[in-house]
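Student: The following block contains the structure, expressed as structure tokens.
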Amino acid sequence: MRVFSLSKGWPLEERYSLTDQVRRSSRSIGANIAEAWAKRRYPAHLISKLTDADGEAHETEHWLGCALRHGYLAQKDFDALRDDLREVGKMLGSMLTHPERFGIRPPTDS
């Protein structure tokens, strides 16, 4: 949501390039996590979607870096967003290292 809000003031000529790219990639992080959760019954699907989410986080960081270098984004805003992305990356890394913690366990017979 912060990416969307901060990008509202970017130049109109960036609407269909940088602005669109960073908004899409940032929104895709959560969407891929949601898909991973929905597919948690299948470990390969879970890992695939978590990997996609991590890739989108890295892509978002790239686009935010471009916005910073073009002067569209303040350093303090970039730093805060990058810190958030790194925190998400740590959580995704943990999930990817231990996907069995997030899968659906088959019922046990009593």
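No lab work stands behind these numbers, since they all come straight from the coordinates. Just so it is clear, the structure is predicted and the values come from calculations on it, not from any experiment. Positions of Cβ are generated from backbone atoms using ideal geometry, with glycine treated the same way; all protein chains shown enter the neighbour counts.
Student: Kindly state, to the nearest 0.05, the FRET efficiency for R2 paired with R40, given R0 = 30 Å and r defined as their beta-carbon distance.
Tutor: It comes out at approximately 0.60.
Student: Quick one: net charge around V88, please, counting Lys, Arg +1 and Asp, Glu -1 for every other residue with C-beta under 11 Å from its C-beta.
Tutor: -3
Student: Next up: For S25, S5, S48, S94, which order do you get if you count the other beta carbons within 10 Å of each Cβ and list the fewest first?
Tutor: S5, S94, S48, S25
Student: For K49, which lysines qualify as cross-link partners when the Cα separation must be under 19 Å and same-chain residues fewer than eight apart are set aside?
Tutor: Within the straight-line cut-off, K49 pairs with K39, K90.
Student: Continuing with the same structure: Which order results if I29, I47, I104 are arranged by neighbouring Cβ count within 10 Å, fewest first?
Tutor: If I rank by nearby Cβ atoms, fewest first, I get I104, I47, I29.
Student: Volume per residue, Å³, of the convex hull around the alpha-carbon atoms of the chain?
Tutor: For the chain, the hull spanned by Cα atoms encloses 98 Å³ per residue.
Student: For an R0 of 25 angstrom, estimate the FRET efficiency from the Cβ-Cβ distance between S17 and A80 and round to the nearest 0.05.
Tutor: Values: r = 23 Å, r/R0 = 0.94.
According to the calculation, E is roughly 0.60.
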